[in-house]
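For reference, the structure is listed below as structure tokens.
The values are calculated or read from the model by the stated rules, or taken from the named source; none is laboratory data. What you see is a predicted model; the values in this text were computed from it and never measured. All Cβ positions, even for glycine, are placed from backbone atoms using ideal geometry, and neighbour counts span all protein chains on display.
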Amino acid sequence: MIKYKTMENRIFDFVVTLLLVILGLLCLLPLLHVLALSLSSKNAAVAGRVGFWPVEFTFASYEYLLQDARFFQSFVVSVKRVILGGGINLILTILMAYPLSLEKEEFPARDRYMWFTIFCMLFGASLVPWYFVIKETGLLDSIWALVIPSGVPVYNVILLMNFFRNQPKAIKESAKIDGINQVQMMFLICVPLAKPALATVTLFSIVGHWNNFFDGMLLINTPAKVPLQTYIQSLVINMSDTSKLSTEQLINMMSQRTFNSAKIVIATIPILVIYPFMQKYFVTGITLGSVKE
Amino acid sequence: MKKEKKKKVSFARTWPLHLMLLPGVLVLFVYTILPLLGNVMAFQNFQPILGFFKSKWVGLDNFKYMFMLPDTFNIFRNTLIIAVGKIIFNLVMSVFFAVLLYEMGGKHFKKMTQTICFLPHFLSWVILAMIFRDLLDGSGIINTVLLKLGMIEEAIVFLGSNSLFQGIIVSTDVWKEFGYGAIIFIAALAGINQELYEAASIDGASRLQKIWNITLPGIKVTVVLVATLNIANVLNAGFDQVYNLYSPIVYETGDIIDTYVYRMSFESAQYSLATAIGLLKSVVSFVLIVLSNYLAKRFANYRIF
Amino acid sequence: MKKKWTKTWALLLALTMAGSLLMACQSSKGGSDAAAGDTAKDNAADTAQGADASQDGQDAQTEDTGAQVDPYGPVSEPVTLHIGRSEDTNASYLEGQDSSNNYIVNHISEQLGVEFVYDFSVASDTYETKVSMAITSGEMPDVMTVTESQFRQLAAAGAIEDMTDAYNTYASDNLKAAYETTQGISFGTVTVDGKIMGMPNISPGADGIPMLFVRGDWMEELGLAAPKSVEDIVNIVNTFREKKGTTNGLVVSSDIVKENGNNTYGIDALFAMYGSYPKHFVEEDGKIVYGSNTAATKEALTGIRKLVEDGVIDSSFVVRDGSTCEEIVTSGQAGVFFGAWWNMSWPLNNMITDDPSVYWNCYLAPLAADGKYNTAMTSPSGSYLVVKAGCSDAVKEAVIKTMNYQFDIDQDQGVSLKSDPSDPYSWTSMPFSLLLSRYDDKEGKALAVVNGEKEVSELSGEALQWYESYMAATEDVAAAEAANNLSGWAYVRAAGLLGQEVGNMNQVFDASYTQTESMDSKWATLEKLEDETFLKILNGEASVDAFDEYVEQWNALGGTDILAELEALRQ
């Protein structure tokens, strides 16, 4: 966008910047607080003396988390899971989104597949039967249990499908005239044009896999195969029924504040690292004739 | 314009498409549809020891029970208010933020702000609840400031007020999610044809007019899509958040379906009831989505699905 | 074309459905058979392999002549126990060891000739779900701990073994004595038709007795006397506020009463003074009544409500949780709260790190009209160890004997097994996740130290730790703090008081600790009603007369049924 330095633009820009700064601060301050908590002594944290800056600076929580061999083990498991799961998600998402984006004339069965997919999105089964099926298909206690059942992220499929559908028809039409078939259309035309959408769904998928602690909790029995978030989650006891805990456990449970914060910081770092790289895909325009930023 | 005879598309032409869909459909079938068979629990008095086949069949009893509980009306009402509030305000705020970023010039500042605002999504409610409880406590910062400014005479127990609780839940959730939710819109905005703006400039349009006439319509499709998909969540008011922020004194406006069921299941694994409610939620979401799809097609000529 | 597809789909669907039904059938029907078969196979395999364990076992094998049974001796035949357990992921171990392979488990395994295999060993929050899955899928481990309602279901379905004989024959004197301290409560819940169907845990009763904690250094400075009545407490609160500038009075959280004990920042003691025991089912005029619905409770509510009005209890209490309260106390914004005996150490010892002159006192106050301290007593048991039906006698023997070891080791804190005193010890190293203490455990240990009842040389394990810490800290608090040796000192002071004042306490046991069937479905609603009503009455939103309406509703919504069920169980 070529912008002229008119008065109107100046004021407008100023207001926009101001609003963004406010929003940014609103988000930043609590994050700083969490970071500070994670770097403060337990006593200071418990007594509520930590503001935006660490009080009685210490790496204790991080040391505690990192010294454990299990931490690194589960970190590796999570990385594996993200790559494997992210890959599977991406492939399956594209494979499903493309046919669904076609018109009924080109693909008559399309509507039925569509409703099937939506149905699956809305009707999630409850724990016990789900666990059952996973067990019976032999996936239990393996990394496949973490990536296959969740292999089709329906929300992403619908997003991508819409995106495909709204791609400029002109390109597609001319390709069809050239005699291209469906597979080629998908790989050579639609996918390359869909970079922002692909980046979006990939990001969602990565974040989803990275943050997911629940399936690790239920489906993995061997401590060595547990993903990072599940492991960290298990360190923080969240029980409401305290009668079953020994005094030792109760005391541990009560003093989790710095620990919780460190856990969040560590869990967020990889995303923080990846996100700026993915950003450029969001920001770059794809339509022909646009001025790149 | 002659109407061409509709050509029947041969299977020979479409089989690659079916093949493409096959792996995904298979996964969905095995891991989403098959477990649905287990929803039979909703119609039983399910005891783990008896399993699916020996547990007593009770038909619609579980559903009847749910509706006859004294608090059912309250719980549903609270859930709807909170969930709808979240859907609307999250949408508005995400779009607003995405547009602000879009209008923004400086590349680095833009990237930085985007990253910062995107992070609260990753904080868990366990920690956020602690932070908000401190902030909103009778002797917390917000009260102290308000008292000093003379805007109130007595400290307000924010999280204990039935009139304020729902608003607090919605606004804190919006704060947490707007950055992450904006991502879709940022991607969509990237696809708007720049020539439109130049043409508008030539016509003498102001910044605001450009936003109103080009930017927003440009992502209208995405907005409708996201809104519709989110309708599926109209009965999910956010267990984690409410659970960590509520207390018995705000049960009246704060107790949602999920927290109620949680307390029930906690005492004694009430699988049947939990499943029944899950089933109910799914049915409602399904009906709503079908409805919105139909309405969009009929009145706005949009095809969402 | 369309028709073809529909047919194919339908066929596929039908096949898969049939297939899954078949699979499911097999699992739930043949489950217990298969598992029993497994145990037998395992036993055979062990004997065949002649592992180290079985060799040891053969050496000390007891003759089948009805001779003296050694509660700690090897099991009559080598056994492999499949266990389901919850573990503490926070625990630390020796190099190369973990929760299934450590010096404690290995010791027990060797001594008994038993091999411990964990079907699942997971963090406590997942554990219950795993147990439910295990039960549903029909693949239960030989041994696992379950909740009361799970226990009831399993017992009713005949899915667990009768442990009466095994217990009577193989339990050690220590273990038997421990169960006796529970005064029959523990076995009361697990006895079905006169048979003991599961082994309950034993938690210390001290956990359930609330104590009053007051800033001792401030009291000394301001010349305040030990509080005995509510007025004394109010006086202390006000003086602190005036002279010390505290922003909070008596620190209370929204969990005002709990039936499970360990209610830090609760006000159970304030209710008890009136003879009111909310959330407990107590005896009144020969009948079982719900403690929250009695006339005494209404009186208590009126009295406590006044405290809130007067600002002695901060009106924010209705939304505060434990961590907020903790902040207030440890940052010096308040100096009075109710808690459990172990609160003397956490979080209060933290404050000493920053300021060694900080000193806290504990009291049993407020006293009732008769000068005694009223308190409800909590149940010692909440979890139950069950053995799957079909397991052999040898398995049951192994289970009891393992429990014998667990009890002793825990009392001792593993000291006699450690190669180095600084070796890590954690209950999670044990084979079963069943806490076995004594109901009078904490008082006993503390008194041993305080009264000099035992010679130092006789003390061991936890008692010895407490003694050493106590001696060190009484001499020099700062040094003991630096050496991280403050907890024993704190525990002795608190639990010691409990032990010393037993005679002056009015310990009220519940008429029934059992959970009934109606409770399963109705309790959530009833509890919600109660919590909401009480908090509203206390913070002034509702008048005390709302209490009567509440009692009516409580009864109508299922309370009467529950009381009837409890009475029936008593016969």
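Assess whether B:F165 counts as being aromatic (F, W, Y), closer than 26 Å to C:E327 by Cα, within 14 Å of chain C (Cβ to nearest Cβ) and touching a Leu at 6+ places or on another chain (Cβ under 6 Å).
no
Is it the case, given these coordinates, that B:T228 is modelled with pLDDT under 85, in a helix (DSSP H, G or I), under 29 Å from the mean Cα position of the chain (by Cα) and of a type in the set (S, T, N, Q)?
Here the answer is yes, as B:T228 does meet what is asked.
The rows are residues; the columns are (1) closer than 24 Å to C:S124 by Cβ; (2) hydrophobic (A, V, I, L, M, F, W, C); (3) touching a strand residue (DSSP E or B) at 6+ places or on another chain (Cβ under 8 Å).
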position	(1), (2), (3)
C:P347	yes, no, no
C:I352	no, yes, no
C:A368	no, yes, yes
C:K372	no, no, yes
C:N404	no, no, no
C:Q413	yes, no, no
C:P424	yes, no, no
C:R438	yes, no, yes
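From (1) buried (at least 21 other Cβ atoms within 10 Å of the Cβ); (2) farther than 30 Å from C:L112 by Cα; (3) not hydroxyl-bearing (S, T, Y), pick out the condition that doesn't hold for C:M505.
Against the list (1) buried (at least 21 other Cβ atoms within 10 Å of the Cβ); (2) farther than 30 Å from C:L112 by Cα; (3) not hydroxyl-bearing (S, T, Y), C:M505 comes up short only on (1).
Any idea which residue in the stretch A:66-93 is modelled with the lowest pLDDT, counting only those that are crowded, with 21+ Cβ neighbours inside 10 Å and either closer than 26 Å to C:E326 by Cβ or polar (S, T, N, Q) (or both)?
Applying the filter and picking the extreme gives A:S74.
Take A:N166 and decide whether it is under 26 Å from A:P196 (Cα atoms), crowded, with 21+ Cβ neighbours inside 10 Å and within 11 Å of chain B (Cβ to nearest Cβ).
When the stated conditions are applied, A:N166 does not pass them.
Among the residues of the stretch B:281-301, which ones are more than 10 Å from every other protein chain (Cβ to nearest Cβ) and either modelled with pLDDT of 85 or more or surrounded by fewer than 18 Cβ atoms within 10 Å (Cβ to Cβ) (or both)?
Correct list: B:L291, B:Y294, B:L295, B:K297, B:R298, B:F299, B:A300, B:N301.
Picking from C:S381, C:S433, C:S416, which residue would you name as being polar (S, T, N, Q) and in a helix (DSSP H, G or I)?
Answer to the check: C:S416.
Each row is one residue, and each column tells you yes or no for (1) polar (S, T, N, Q); (2) in contact with a Gly (Cβ under 8 Å, 6 or more places away or on another chain); (3) over 29 Å from C:G184 (Cβ atoms).
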| residue | (1), (2), (3) |
| --- | --- |
| C:G496 | no, no, no |
| C:F509 | no, no, no |
| C:M519 | no, no, no |
| C:A524 | no, no, yes |
| C:K536 | no, no, yes |
| C:S543 | yes, no, yes |
| C:E552 | no, no, yes |
| C:T560 | yes, no, no |
| C:E565 | no, no, no |
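Could you say which residue among C:K528, C:K522, C:K536 is among the basic types (K, R), within 14 Å of chain B (Cβ to nearest Cβ) and touching a residue at least 40 places away in the same chain (Cβ under 8 Å)?
Within the list C:K528, C:K522, C:K536, the selection yields C:K522.
Do any residues in the stretch A:265-286 that are within 16 Å of B:Y180 (Cα to Cα) have Cβ atoms under 9 Å from those of residues that are modelled with pLDDT under 75, where the two are at least six apart or on different chains, and which pairs are they?
A:V283/A:E293
Looking for something within 13 Å of chain B (Cβ to nearest Cβ), out of contact with any Pro (no Cβ under 9 Å at 6 or more places or on another chain) and among the charged types (D, E, K, R) - is there at least one such residue anywhere in the stretch C:475-485?
Within the stretch C:475-485, none of the residues are within 13 Å of chain B (Cβ to nearest Cβ), out of contact with any Pro (no Cβ under 9 Å at 6 or more places or on another chain) and among the charged types (D, E, K, R).
Pick from the stretch C:151-165 the residues that are surrounded by fewer than 18 Cβ atoms within 10 Å (Cβ to Cβ) and assigned to a helix (DSSP H, G or I): which of them is modelled with the lowest pLDDT?
C:A156
Answer yes or no: is there a residue in the stretch C:179-189 that is buried (at least 21 other Cβ atoms within 10 Å of the Cβ), touching a Pro at 6+ places or on another chain (Cβ under 6 Å) and among the small types (G, A, S).
yes
Taking the options C:A524, C:A463, C:A479, C:A494, name whichever one is under 16 Å from C:C362 (Cβ atoms) and part of a helix (DSSP H, G or I).
C:A494
Filter the stretch A:15-66 down to residues that are under 26 Å from B:G179 (Cβ atoms) and among the acidic types (D, E), then give me how many there are.
Looking only at that region, the number is 0.
Out of curiosity, is B:G138 part of a helix (DSSP H, G or I) and either touching a residue at least 40 places away in the same chain (Cβ under 8 Å) or closer than 30 Å to A:V46 by Cβ (or both)?
no
Go through B:I131, B:I87 for me and flag whichever is part of a helix (DSSP H, G or I), under 22 Å from the mean Cα position of the chain (by Cα) and either under 30 Å from B:T259 (Cβ atoms) or in contact (Cβ under 8 Å) with a residue 40 or more places away in the chain (or both).
B:I87
Please tell me if B:V221 is in a helix (DSSP H, G or I), facing chain A (nearest Cβ under 10 Å) and under 30 Å from B:L279 (Cβ atoms).
It is false that B:V221 is in a helix (DSSP H, G or I), facing chain A (nearest Cβ under 10 Å) and under 30 Å from B:L279 (Cβ atoms).
Determine if the stretch C:239-250 includes at least one residue that is under 22 Å from C:N374 (Cα atoms), assigned to a helix (DSSP H, G or I), more than 14 Å from chain B (Cβ to nearest Cβ) and in contact with a Ser or Thr (Cβ under 8 Å, 6 or more places away or on another chain).
no
Taking the stretch A:114-130, which residues are more than 14 Å from B:L36 (Cβ to Cβ) and either of a type outside the set (V, I, T) or outside any helix (DSSP H, G or I) (or both)?
A:M114, A:W115
If B:E103 meets every condition in (1) surrounded by fewer than 19 Cβ atoms within 10 Å (Cβ to Cβ); (2) facing another protein chain (nearest Cβ under 7 Å) apart from one, which number is that one?
Result: B:E103 passes all but (1).
Of B:F63, B:F97, B:F73, B:F118, which residue is more than 8 Å from chain A (Cβ to nearest Cβ) and farther than 30 Å from C:A156 by Cβ?
B:F73
Residues being assigned by TED's automatic domain parsing to the domain that holds C:P356, of a type in the set (K, R) and either assigned to a loop (DSSP other than H, G, I, E, B) or within 16 Å of C:L385 (Cβ to Cβ) (or both): count how many of those fall in the stretch C:176-228.
Matching residues across the stretch C:176-228 total 1.
Tally time: how many residues in the stretch A:251-270 are surrounded by fewer than 18 Cβ atoms within 10 Å (Cβ to Cβ) and at pLDDT 75 or above?
2
Output yes when any residue across the stretch A:21-31 is in contact with a His (Cβ under 8 Å, 6 or more places away or on another chain) and either of a type in the set (K, R) or more than 14 Å from chain C (Cβ to nearest Cβ) (or both), and no when none is.
Within the stretch A:21-31, none of the residues are in contact with a His (Cβ under 8 Å, 6 or more places away or on another chain) and either of a type in the set (K, R) or more than 14 Å from chain C (Cβ to nearest Cβ) (or both).
Please verify whether C:V312 is within 14 Å of chain B (Cβ to nearest Cβ) and touching a residue at least 24 places away in the same chain (Cβ under 8 Å), treating the condition exactly as stated.
no
Check whether at least one residue in the stretch A:119-139 is more than 10 Å from chain B (Cβ to nearest Cβ) and within 21 Å of A:V226 (Cβ to Cβ), and report yes or no.
yes
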